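Below you'll find the structure, written out as structure tokens, and then a few comments.
The values are calculated or read from the model by the stated rules, or taken from the named source; none is laboratory data. None of the values given here were measured: they were computed from a predicted structure. Using ideal geometry, Cβ is built from the backbone for each residue, glycine included, and neighbour counts are taken over all protein chains shown.
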Amino acid sequence: MKILYAIQGTGNGHISRAREIVPLLQKYGELDLLVSGTEAEVTLSQPVKYKFHGLSFVFGTKGGVDKWATYKLMDLPQMWRDMHHLPLKDYDLIINDFEPVSAWACKLQRVPSVSLSHQCSFVSPKTPRPKAGWFNYGPAILKHYSPTTHHVGFHFERYDDFIHTPVIRSEIRNMQTSNLGHYTVYLPAYDDKKLTELLKQTDVHWHIFSKRQKTGYTDDNVQVIPVNNEGFNVSLASCDGLLTGGGFEGPAEALFLQKKVMMIPMSGQYEQQCNALAASRLGVPVVQHIDSTFVHRLKNWIKDEVRVWVDFPDETDEIVHNMVKRYAR
């Protein structure tokens, strides 16, 4: 059997999940990997056959997407060429984790494909989401960015029959945890220096993992560290809590490790707003904006020892097996 696994390379969550799924797929036949996007620091250990520029957004420094940088990064003519020249007919199964080049190539070539992603959980109307005004293009992006014919989704809860609880990587499941009292931070849409000035107003230690810094530094009770998978995992395993954006995989892993979580979803990023709403229904505190009340809310969160308890069983092997059995040609 020949399998193509296409992975979104914007952010680190998609690649992190793929690190767990790739070895499982390799049991079923010859596996080719495709990655598009330019904003991930986490890498795969296996060779990537197709590497495309894709369609990525660029994190800003004020809590949202840098729209101008995102526009300049776009190369739609190259994406069009990639979509039309990607060979698909020889594959028995094409799996997609919110990756647009292969998804649209499949659509144009009328080849079936299956989403194995968090984003495809929004196909279900039962998945939590805030009301979107007429000007909000977020729902349309989720629907049309990476269209597929079949769906296997992941979310914080089983909102529908095709939605499963999060994939928690083996390295996280098997990790020895502790509480050394510090707090881990991953907020790539905010400026490190601005965050540092705010966090210095508290009396706990912070580890900020930064996409922008090539070398680390310490300022009072705040340590800024370049993003890397191993360092982040160590910090997360030994922290008291995680301060993060409205992503999915990071908060899911922190909740699994029974860490406190506070989320600050990116402004104008519909999926992150949806994730924050779902997490808030579990009991996770959500801050929509960093404003004059932020430090006060942060100090209250630090004092609060209430933790959200979740049940994320290890079902990834079974999910992959059922997907291959059901959708392989």
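Does residue 148 satisfy being touching a Ser or Thr at 6+ places or on another chain (Cβ under 6 Å) and either part of a loop (DSSP other than H, G, I, E, B) or not acidic (Asp, Glu) (or both)? In short, yes.
For every residue, the table says whether it meets (1) surrounded by fewer than 22 Cβ atoms within 10 Å (Cβ to Cβ); (2) closer than 22 Å to residue 23 by Cα.
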site: 81; (1), (2): yes, no
site: 92; (1), (2): yes, yes
site: 101; (1), (2): no, no
site: 107; (1), (2): yes, no
site: 126; (1), (2): yes, no
site: 149; (1), (2): yes, no
site: 159; (1), (2): yes, no
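If you filter region 161-197 down to residues that are of a type in the set (D, E, K, R), surrounded by 15 or more Cβ atoms within 10 Å (Cβ to Cβ) and in a loop (DSSP other than H, G, I, E, B), you find that the one that is farthest from the chain's Cα centre (by Cα) is 191. Quick check on my filter: what residues within region 206-230 are in contact with a His (Cβ under 9 Å, 6 or more places away or on another chain) and closer than 16 Å to residue 187 by Cα? If the condition is that a residue be in contact with a His (Cβ under 9 Å, 6 or more places away or on another chain) and closer than 16 Å to residue 187 by Cα, then 206, 207, 222, 223, 224, 225 are the ones that fit.
Within the set 192, 97, the sole residue that is in contact with a strand residue (DSSP E or B) (Cβ under 6 Å, 6 or more places away or on another chain) and touching a residue at least 60 places away in the same chain (Cβ under 8 Å) turns out to be 97. I'd like to know if region 223-244 contains one or more residues that are under 14 Å from the mean Cα position of the chain (by Cα) and either of a type in the set (A, V, I, L, M) or modelled with pLDDT of 95 or more (or both). Within region 223-244 (the criterion being under 14 Å from the mean Cα position of the chain (by Cα) and either of a type in the set (A, V, I, L, M) or modelled with pLDDT of 95 or more (or both)), the answer is yes, since at least one residue qualifies.
For region 305-328, a residue qualifies if it is surrounded by 10 or more Cβ atoms within 10 Å (Cβ to Cβ) and either assigned to a loop (DSSP other than H, G, I, E, B) or of a type in the set (Val, Ile, Thr) (or both), and the qualifying residues are 307, 308, 310, 312, 314, 315, 316, 319, 320, 324, 328. Pairs meeting the criteria (first residue in region 310-329 and farther than 17 Å from residue 155 by Cβ, second residue of a type in the set (Phe, Trp, Tyr) and part of a helix (DSSP H, G or I), beta carbons under 7 Å, at least 6 apart or on different chains) are 324/28. Quick check on region 63-76. Is at least one of its residues more than 18 Å from the chain's Cα centre (by Cα), modelled with pLDDT of 75 or more and not aliphatic (A, V, I, L, M)? No; the residues of region 63-76 include none that is more than 18 Å from the chain's Cα centre (by Cα), modelled with pLDDT of 75 or more and not aliphatic (A, V, I, L, M). Number of residues in region 272-286 that are touching a residue at least 24 places away in the same chain (Cβ under 8 Å) and in a helix (DSSP H, G or I): the value is 10. Scanning region 250-271 for residues being in a helix (DSSP H, G or I) and either crowded, with 22+ Cβ neighbours inside 10 Å or basic (Lys, Arg) (or both) gives a total of 7.
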